[in-house]
Amino acid sequence: MATVAIYSLKGGVGKTTLSVNLAWCAATLSARRTLLWDLDPQAASTWVLGGPGKADQAQAMFSKDIAVAKQARPTAYRHLDLIAADASLRGLDQLFHDLDKKKRLAKLLGELAGYDRVILDCPPGLTETADQVMRAADLIVIPVIPSPLSTRAYDAVVQHLGGRTALLPVHVMVDKRRALHAEALARHPDWPVIPMASGIESMAVKRAPVGVFAPRSAAAQAFAELWRRIELRLSA
Ligand SMILES: Nc1ncnc2c1ncn2[C@@H]1O[C@H](COP(=O)(O)OP(=O)(O)O)[C@@H](O)[C@H]1O
Ligand SMILES: [Mg+2]
């Protein structure tokens with residue numbers, strides 16, 4: 001089993017969008033037994049993939065003796081399960097702090113050996129939760145909008161990690177006609193690119209991954225290509 005965290009210091013940069021689409025690619029294109037674990041109290045991945053789970057269970061998994069694998073439930077897509085988020089996760093940072101177990105998340109992930117791939121949709125911020133994620137993930141995928149502020153946030157994460165965890169920065173919401181975007185892409189030609197696309201925004205309206213309702217779109221192909229690169233990194 002490999003864990004891929006979708007993380008950024010910033011909010012609104014495309015973490016949930018990447019999480020849902022990459023999880024779908026893992027399940028559908030790679031036929032991996034895949035779990036999307038929504039760790040963000042905003043519960044956006046949960047909403048896209050099928051609505052809330054049992055109320056206020058999301059945090060209890062970390063504090064009580066609840067079998068995490070039993071919290072996973074199937075989605076509409078073959079091979080893709082979900083552990084739902086809810087508002088109780090707002091207290092997760094405090095809980096991790098009080099528990100004083102640095103590898104709590106890593107331990108729970110150990111109970112999910114029935115999956116090939118676990119995707120973590122993370123809340124923003126350099127928090128206790130982020131530290132747990134960084135200790136537990138095999139690879140951290142970081143969406144970066146090609147702008148100076150997003151790049152700064154990425155640099156801060158790199159510095160914080162000090163080379164301890166494998167990172168994959170991804171340029172997202174890219175509009176190559178914009179000079180700033182073109183310059184950022186030229187600086188990092190090796191970073192994968194997800195275009196700015198209205199089809200991606202529609203995900204929240206259709207409540208489905210892009211590959212489901214627009215499989216031939218450039219956006220769907222970009223997610224598929226990104227997933228292939230992630231699989232290569234995981235097998236390296
Ligand atoms: N590549 C993209 N093209 C167009 N809109 C996007 C793209 N990626 C994300 N968005 C939109 O940006 C907003 C924030 O994305 P989201 O994935 O929810 O970010 P986060 O999880 O980091 O808060 C959403 O409205 C989403 O539809
Ligand atoms: Mg989100």
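The values are calculated or read from the model by the stated rules, or taken from the named source; none is laboratory data. Here the structure is a predicted model, which is why all the values come from computation and not from measurement. Note: ideal-geometry Cβ built from the backbone for every residue, glycine included; neighbour counts use all protein chains shown.
A quick yes/no check of all residues on (1) in contact (Cβ under 8 Å) with a residue 24 or more places away in the chain; (2) among the small types (Gly, Ala, Ser); (3) closer than 30 Å to LEU232 by Cα:
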position	(1), (2), (3)
LEU36	yes, no, yes
ALA58	yes, yes, no
SER63	yes, yes, no
GLN71	no, no, yes
LEU82	yes, no, yes
ASP86	yes, no, no
LEU92	yes, no, no
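Of the residues screened, LEU35 is one that is assigned to a strand (DSSP E or B) and more than 16 Å from ligand 1 (Cβ to nearest atom).
Taking the stretch 127-174, which residues are more than 22 Å from ASP190 (Cβ to Cβ) and either within 16 Å of ligand 2 (Cβ to nearest atom) or of a type in the set (S, T, N, Q) (or both)? Result: THR127, THR129, ALA130, GLN132, VAL133.
When LEU49, LEU22 are checked against the criterion of being within 16 Å of ligand 1 (Cβ to nearest atom), under 25 Å from VAL158 (Cβ atoms) and at pLDDT 95 or above, LEU22 stands alone in meeting it. Considered as a group, the residues in the stretch 1-32 that are more than 16 Å from ligand 2 (Cβ to nearest atom) and assigned to a loop (DSSP other than H, G, I, E, B) include one that is surrounded by the most Cβ atoms within 10 Å (Cβ to Cβ), and that residue is ARG32. If the condition is being closer than 19 Å to GLY14 by Cβ and assigned to a loop (DSSP other than H, G, I, E, B), then the stretch 150-176 contributes ASP175, LYS176. Scanning the stretch 177-204 for residues that are assigned to a helix (DSSP H, G or I) and more than 16 Å from ligand 2 (Cβ to nearest atom) gives ALA179, LEU180, HIS181, ALA182, GLU183, ALA184, LEU185, ALA186, ARG187, SER198, GLY199.
Residues in the stretch 185-195 that are out of contact with any Phe, Trp or Tyr (no Cβ under 9 Å at 6 or more places or on another chain) and either of a type in the set (Val, Ile, Thr) or touching a residue at least 24 places away in the same chain (Cβ under 8 Å) (or both): TRP191, PRO192, VAL193, PRO195. All of ALA58, ALA76, ALA85 fail the test of being part of a loop (DSSP other than H, G, I, E, B), within 13 Å of ligand 2 (Cβ to nearest atom) and either modelled with pLDDT under 95 or over 12 Å from the mean Cα position of the chain (by Cα) (or both), apart from ALA85.
If you check SER202, SER147 for being closer than 22 Å to GLY11 by Cα, free of Cβ contacts under 8 Å to residues at least 40 places away in the same chain and over 19 Å from the mean Cα position of the chain (by Cα), only one passes: SER147.
Scanning the stretch 118-149 for residues being in a helix (DSSP H, G or I) and either touching an Asp or Glu at 6+ places or on another chain (Cβ under 7 Å) or within 11 Å of ligand 1 (Cβ to nearest atom) (or both) gives a total of 2.
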